[in-house]
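Step one of this worksheet: look at the structure below.
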């Protein structure tokens, strides 16, 4: 166990170090970076991507990919909002449960397409990405949907977004992260997720129903997209149809920055969450420096490439040290 | 140095020293090679053979020591530089691009000047190369359509296309059939007669006698010695390699009692590659599966294990029909399968020893879904000791283990699952001599303890040494079963080359 834990800590240490350095740079160069309001902004822009990234980390560790999470999140939120507004007094909390269920349903669809129909994950989830976007628009007739705004005593935003100046959403996100960490590192599901990413056929030939476990990873990803939709709705209150494309790529970028390999078999959720905040800090920080949106995207791209390059170099170095001599040489 | 000496050797590697992070991979090793000679480079896995070759071809840089090539000191910075200078390797794992043609593969990176390809000229040159080797392969054929043996010849053609003076063969026969090996040896003799020096790495001791002129043996990164092959007996070589004698004769009689119960019965097993295979496996028996490459032995194993779908046939375990549709079903009924390709089908090589060992029995190590790491560690440590897996710890990543130790991890996986029927598919492929005899001992111990074993192997001496009975297959059909008392290389090969249309019963064979 030692080696795995040591490696895992090292990865997180690098990512955390980079995040800290980034914060220091911005606190020097970006105007008003060291304010609570900035922190609130950073949190607010991390919720949706945070939940998506946690979910898609499971899929990526199995060696797959889920491109649908962005539009699935938007679509779930749109449909939920539609039911809330046109649902003849349907209580909000039921709409929220439906939102999560819609996300989970899309995830299940992806999982079944990948495992039962044996479609490549890229294609299957690309299809779902379009289907989800289309469905949201069809149901809402391309109308924006509104959730209760953060005024008065709206329990919705106070529960899922913030109370006055306290980021409640962050509590949710980190609680969710802890549960996900336990699932990934302490349960059978997590162990099989890594094992499938490392060698799916060997897992199958060990008598494990590998395809079922792989399917669950996609279900988790969809569930997280649905769950994230609630926080997205709470943060922006107005959901616009035909948005959400590109959100999945930001989530995947966060996962990659966090050191999870797109080849599967290795990865960490701690890294993922650091990656999420790295991207948020970068975005908010660059805004604070007065850099426009287009340039922010530009810099984010460079960071993603840099992070992956760095990771490759580090793995190369790590592999050079990997020559172990057996300790026990028994004489027969 | 750089002096030109009057030396009989075209290649000398002098006092090569190489360390990897504290591990002394090569300790002052020297080898030399004459023109027109085959030098066997031998040693157990991890003895330093590959490191030596990698230093020669510029993949690794030696910490100290010199390489003299035609008397001149050389340092190759890249394999390409070595190749251009005339030193080529034919790798164990073939480095060919399956979707390109033979000619395109041979001349990859040397398509000639200009923007457009001159396909005709590379086809012509390829044909000339094959002519020199005395074999015919169509240069326009796609590599993926060739057998492994022919692919290897393409690699050799590529090597000689550089006008190589030195060619290194790294375990060239590991995946070849006997006929293909004969062709390969003809080619090697042809190259010899043209003055090419050949370094030949192999685990197969009988080949060393057949093809090589001298033998250099390494052990644990040190040079044991170089001897003329003619003066060596096989057990001398083994002795040099492992420092102890382990030669054991074939089994004389079956160790299975007459009344041993049948644990596995297969009736009329059929699939695309398997035709009507039926047999019985008894408790405590080691049933050998013999046959040539492509005889359908692995296919039978995968059908029994549920890894592939059978079109027809029954599998009966302990007298009850076992409806096996997937590996999951097979494992539930106590069958374990050790694949011929450990890395692809047996191990999650990026995971730890303990994680691999419990992969088939994780259910026993979880409660309400949560993994009990302490229990896993206890069991893993127990099996590491029990079957002597040589590793600093159970958290070692499997990728870093030697072939023999990897195989032990797979064996442990099935023992922990407590499987009663074990299918060993080429259990000693790519494993050095010392570890081989440990695997044999382990298999014998398992059979003595009442486990039933199917052992598929392409090495007849191994089958003859281990099996209680030997089932022989040819072209997907079961051509006969020999009790160990009647089995020898001759009788097995006779059955293994029988035409599939004739089905021999056991009685016919005995006559």
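Summary table
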read-out: Residues being surrounded by fewer than 15 Cβ atoms within 10 Å (Cβ to Cβ), touching a residue at least 40 places away in the same chain (Cβ under 8 Å) and closer than 17 Å to residue A:211 by Cα - total across region B:319-347; value: 0
read-out: Matching entry among A:225, A:233, A:217, A:202 (being at negative phi, surrounded by 21 or more Cβ atoms within 10 Å (Cβ to Cβ), in a helix (DSSP H, G or I) and touching a strand residue (DSSP E or B) at 6+ places or on another chain (Cβ under 8 Å)); value: A:233
read-out: Residue list for region B:383-423, filter: surrounded by fewer than 21 Cβ atoms within 10 Å (Cβ to Cβ), facing another protein chain (nearest Cβ under 10 Å), assigned to a helix (DSSP H, G or I) and within 22 Å of the chain's Cα centre (by Cα); value: B:399, B:400
read-out: Residue among B:288, B:296 that is away from every other protein chain (no Cβ under 14 Å), within 30 Å of residue B:149 (Cα to Cα) and at pLDDT below 90; value: B:296
read-out: Condition broken by residue A:196, with the remaining ones in (1) in contact with a helix residue (DSSP H, G or I) (Cβ under 8 Å, 6 or more places away or on another chain); (2) away from every other protein chain (no Cβ under 14 Å) satisfied; value: (2)
read-out: Given (1) touching a helix residue (DSSP H, G or I) at 6+ places or on another chain (Cβ under 8 Å); (2) farther than 30 Å from residue B:190 by Cβ; (3) in a loop (DSSP other than H, G, I, E, B), index of the condition residue B:292 fails; value: (2)
read-out: Candidate set: region B:366-382, residues that are more than 7 Å from every other protein chain (Cβ to nearest Cβ) and either buried (at least 23 other Cβ atoms within 10 Å of the Cβ) or modelled with pLDDT under 90 (or both); chosen: the one farthest from residue B:398 (Cα to Cα); value: B:368
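The values are calculated or read from the model by the stated rules, or taken from the named source; none is laboratory data. No experiment lies behind these values; they were computed from the predicted model shown. Every residue, glycine as well, gets a Cβ built from its backbone with ideal geometry; the counts of neighbours run over all protein chains shown.
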